[in-house]
1. Condition test on Ser233, is it away from the ligand (no atom under 11 Å from the Cβ) and touching a Cys at 6+ places or on another chain (Cβ under 9 Å)?
2. Take His118 and tell me if it is modelled with pLDDT of 95 or more, under 30 Å from Tyr427 (Cα atoms), surrounded by fewer than 12 Cβ atoms within 10 Å (Cβ to Cβ) and not basic (Lys, Arg).
3. So which residues in the stretch 190-203 are near the ligand (Cβ under 10 Å from one of its atoms) and of a type outside the set (S, T, N, Q), if there are any at all?
4. Taking the stretch 213-230 as the search range and keeping residues that are buried (at least 17 other Cβ atoms within 10 Å of the Cβ) and more than 10 Å from the ligand (Cβ to nearest atom), which one is farthest from Thr273 (Cα to Cα)?
5. Restricting to the stretch 371-401, name every residue that is part of a helix (DSSP H, G or I), within 24 Å of Asp345 (Cα to Cα) and open to solvent by 30 Å² or more (accessible area, probe 1.4 Å).
6. From Glu404, Glu354, which residue is within 17 Å of the chain's Cα centre (by Cα), within 10 Å of the ligand (Cβ to nearest atom) and in a helix (DSSP H, G or I)?
7. Just to be sure before I move on: is Gly392 more than 13 Å from the ligand (Cβ to nearest atom), assigned by TED's automatic domain parsing to the domain that holds Ser267 and closer than 30 Å to Leu252 by Cβ in the structure I sent?
Amino acid sequence: MAVVSGIRDLGAHVGETVTLRGWVQTTRTHGKVAFVVLRDGTGIVQGVVLQKEVGPDVWERFGALTLETSIELRGTVREERRAPGGYEIGVQDLRILGPSHDYPIQPKEHGPDFLLDHRHLWLRSSQQRAIMLVRNEVEKAIVDFFYDRGFVRVDTPILTGAVGEGGAGLFEVDYFDDKAYLAQTGQLYGEAAAAALGKIYTFGPTFRAEKSKTRRHLTEFWMVEPEMAWYDSNDNMRLQEELVSYLVGRALERCKNELEYLGRDISRLEKVTPPFPRLEYGDAVALLQQHGSEIQWGTDLGAPDETILGSIYEKPVFVMNYPKQAKAFYMKENPADPRTVLCDDLIAPEGFGEIIGGSQREDDLDRLVARIQEQGLPLEAYGWYLDLRRYGTFVHSGFGLGVERTVAWITGRPHIRETIPFPRMLYRLYP
Ligand code: NSS
């Protein structure tokens, strides 16, 4: 009997007898013929049971199958164009491995809270598996992109003493007799590593005690943060548009079935190629006001502003050089307009909002100290970070791309909670 590593490989075993293990996705019976759709994580396949060809015990066991029972099937592989996946199994034997009574998720509409409470089971649905496969592809593509370009991956701490993006939204934890904070960003450590290794990236979970309940905020999310020595803000944006186009390209190349299954409009994604349009912040404000926004010069863009921009442009659009007061302390003052800093946000089209925040870093020691003090941050916590400006300061830039927001955009999910296996949000720590 053939050893098959999974349903995905059945094509190499046509005519052979195989054994498969997996979970029951559906069953149906037509008189003396019965069907089971089996899922094993690599694919799905239909098993066909003919009453006259199996013993009464197998037929009886088949009749008792319920949703999500784990089973072992033995049978012959046949080509069958009409079956999902293109093959079917002529079942000879069936063993029940793990019964499943009253599976909570039924083939009907459930509300989002119910599904999130059952996330550990919801993940088994075809839709959720398709999203996880796209996420898997995006994460692998991120690593490939940077590895192929000579970037060094640097894993930065999650328990930190320093603050990252500013005092608000920090998770504090006991650290023996002291306090520590869960990292909001790996950037500051990434800057130190860039002086050692040139071009680096960090890739890991980051934490923000976001009190806002929106479609785009998690309290724990994954971020990739490249940091490049000798890159200015322009070089930085060029790398961002290359990365984002590459990620979309990889999803189109290797996850087309999943995207189609999810009903994604693929023609929209095919337009995502460099270069992306760039808007100075001031021009963006004027454009938004023309489109009815109440935004005033000086404030960050709101979610409705991002939606407006995302509907004007077909590609992701850069909004660059924001007013100082709207952005983090580490961004470099813009020599052309010192009211602003050299930074960019990348806004995805179709209302999916900001997926990247990036900037050139302030490399002047005195200006950086002044910015930390202006923002009321504790200077002592930044001792080591200031050393990077004391010992061989250097032009450098970097950015952070949120994995969940990127996957939400690529898969077309309106809420990012479906793009991470176990979302953490305000009021949600279970399962
Ligand atoms: O706050 S960011 O805009 N920028 C940083 O954290 C910098 N330290 C990055 C850097 O330059 N190295 O966040 C970057 C991205 C943002 O565009 C989103 O895509 C994502 O991180 N992000 C989030 N995703 C999900 N949930 C929340 N709460 C969230 N906050 C940011």
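The values are calculated or read from the model by the stated rules, or taken from the named source; none is laboratory data. Bear in mind that the values here come from a model prediction, so they are computed numbers and not experimental data. Backbone-built Cβ (ideal geometry, glycine too); neighbour counts: all protein chains shown. Side chains included, ligands, DNA and RNA excluded: accessible areas come from the protein's heavy atoms. Shrake-Rupley method; radii C 1.70, N 1.55, O 1.52, S 1.80 Å.
1. Yes: the conditions hold for Ser233.
2. no
3. Gly190, Glu191, Tyr201
4. So, considering only residues that are buried (at least 17 other Cβ atoms within 10 Å of the Cβ) and more than 10 Å from the ligand (Cβ to nearest atom), the one farthest from Thr273 (Cα to Cα) is Ala229.
5. Taking the stretch 371-401 as the starting set, the residues that turn out to be part of a helix (DSSP H, G or I) are 371-374, 379-390.
From what's left, within 24 Å of Asp345 (Cα to Cα): 371-372, 374, 385.
Glu374 - this is the single residue of the stretch 371-401 that is part of a helix (DSSP H, G or I), within 24 Å of Asp345 (Cα to Cα) and open to solvent by 30 Å² or more (accessible area, probe 1.4 Å).
6. Values: Glu354 fails: in a helix (DSSP H, G or I).
Exactly one residue qualifies, and that residue is Glu404.
7. When the stated conditions are applied, Gly392 does not pass them.
Yes/no per residue for (1) touching a helix residue (DSSP H, G or I) at 6+ places or on another chain (Cβ under 9 Å); (2) more than 12 Å from the ligand (Cβ to nearest atom):
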{"position": "Glu137", "(1), (2)": "yes, yes"}
{"position": "Phe151", "(1), (2)": "yes, yes"}
{"position": "Thr156", "(1), (2)": "yes, no"}
{"position": "Leu159", "(1), (2)": "no, yes"}
